[in-house]
Amino acid sequence: MLFLQLSLLALLFPGGDNEEAFQKPVSYHIIQISYIYNHSWVQSLGSGWLDELQTHGWESDSGTIIFLWPWSKGNFSDKELMDLEQLFRMYFIGFLREIQNYESTFQLKYPCEVQMTGGCELHSGETATGFLRAAYEGSDFLSFQNNSWVPSPEGGIRAQNICRILNQYEGIKEIVHGLLSDTCPRFILGLLDAGKAYLQRQVRPQAWLSSGPSPGPGRLLLVCHVSGFYPKPVWLTWMRGEQEQPSTHRGDVLPNTDGTWYLRVTLDVAAGETTGLSCRVRHSSLDGQDIVLYWENHSSKGLIFLAVILPMVLLAGLVFWFRKRCSYQNIW
């Protein structure tokens, strides 16, 4: 059944760019961050992510799932979602109980932090791959592989002891295996179907140029910004004529608050070598029509601005000084 659903997934995302995008893995994962203050007090944060988009949260006080988008329930029934909610609620209760029962074995040093991520990846035409990893104080600790808990080398004897205890619970291992190999892939497919109108949207980028801090005497730092685009894949670089500039430095693609993305690229050049430089943007929303911004135009606009605004500022200052001087003379 899962293989049939995967083979039909391309129908949900017809068209070149979207279909090509799905050749990359599509993942859903849950992140848990637990702050263990002492043997009786644990504060846990939970969230669910479709690739880099957060789709779910966890209300720890009430033990309920937070659906962040109208389509965040996917195609799961209310009963399936309630069962999952109850399962997660029992897990967080059991998490604290296990710490209390095996405090000496776990050798925890309070306060401490435990991070865990678990989910699955889907590939077009392939089966799903589940994963579950845990870290202790930021270092790899253990993972779930081949229906068994496996300690990480960085975890040392503490991780070995915990895995030995966890592997005794056959029922829990079967539940985890089912969540990763069956529930998670079906949930991804439901999210992609229910949210396709949002996930398939195309938002055109806005681009502009600026200058950054001077890298040194006689040099300029040219900055090209592009923002507000969706989906995430974008091509952005500095060009001289039709030649890409290999010294272009690309930053990280960062999220905006509205779900779109931002990126900037910079180029360190000699002040007298800016002729012919341009920034070029390619994105699926542009229908093959690249955005091209020429540095010379940007510089010309800056000079025009100075040529127009600076005299006006000086004239206004002169008028203010003259009026003030006349007022001063009238008083006397």
Q: Using the structure shown, decide if Arg186 is of a type outside the set (A, V, I, L, M), out of contact with any strand residue (DSSP E or B) (no Cβ under 7 Å at 6 or more places or on another chain) and under 19 Å from Ile30 (Cα atoms).
A: yes
Q. Can you tell me which residue in segment 205-227 is farthest from the chain's Cα centre (by Cα), limited to those that are crowded, with 16+ Cβ neighbours inside 10 Å and closer than 21 Å to Thr260 by Cα?
A. Leu209
Q. Within segment 245-269, restricting attention to residues that are more than 19 Å from the chain's Cα centre (by Cα) and assigned to a strand (DSSP E or B), which residue is farthest from Lys232 (Cα to Cα)?
A. Val269
**Q.** Positions within segment 237-246 being open to solvent by less than 90 Å² (accessible area, probe 1.4 Å) and modelled with pLDDT under 95, in sequence order
**A.** Gly241
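One line per residue, one yes/no per condition, for (1) among the hydroxyl-bearing types (Ser, Thr, Tyr); (2) open to solvent by less than 30 Å² (accessible area, probe 1.4 Å); (3) closer than 27 Å to Val26 by Cβ:
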| position | (1), (2), (3) |
| --- | --- |
| Glu103 | no, no, no |
| Gln107 | no, no, no |
| Met116 | no, no, yes |
| Gly119 | no, yes, yes |
| Glu137 | no, no, no |
Q) Among all residue pairs at least 6 apart or on different chains, which show Cβ distances below 6 Å where the first residue, located in segment 168-186, is touching a residue at least 12 places away in the same chain (Cβ under 8 Å) and at negative phi and the second is of a type in the set (A, V, I, L, M) and part of a helix (DSSP H, G or I)? A) Pro185/Leu2
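So which strands (runs of 3 or more DSSP E) stay within segment 1-103 end to end and still have 1 or more residues that are in contact with a Pro (Cβ under 7 Å, 6 or more places away or on another chain) and at pLDDT below 95?
26-38
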Q: Inspect segment 207-225 for any residue being out of contact with any helix residue (DSSP H, G or I) (no Cβ under 8 Å at 6 or more places or on another chain) and within 30 Å of Glu137 (Cα to Cα) and give the result as yes or no.
A: no
(Q) Cβ contacts < 6 Å: first residue closer than 21 Å to Gln168 by Cα, restricted to segment 129-150; second residue open to solvent by 60 Å² or more (accessible area, probe 1.4 Å), any location; separation 6+ or different chain. Result? (A) Ser143/Arg133; Asn147/His177
Q: Identify all residues within segment 252-301 that are acidic (Asp, Glu) and under 17 Å from Arg204 (Cβ atoms); write none if there are none.
A: Asp258, Asp287, Asp290
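The values are calculated or read from the model by the stated rules, or taken from the named source; none is laboratory data. Just so you know, these numbers come straight off a predicted model, no measurement behind them. Neighbour counts are summed over all protein chains in view; Cβ atoms, including those assigned to glycine, are modelled from backbone coordinates with ideal geometry. Surface accessibility is based on the protein's heavy atoms, side chains included, excluding ligands, DNA and RNA. Shrake-Rupley method; radii C 1.70, N 1.55, O 1.52, S 1.80 Å.
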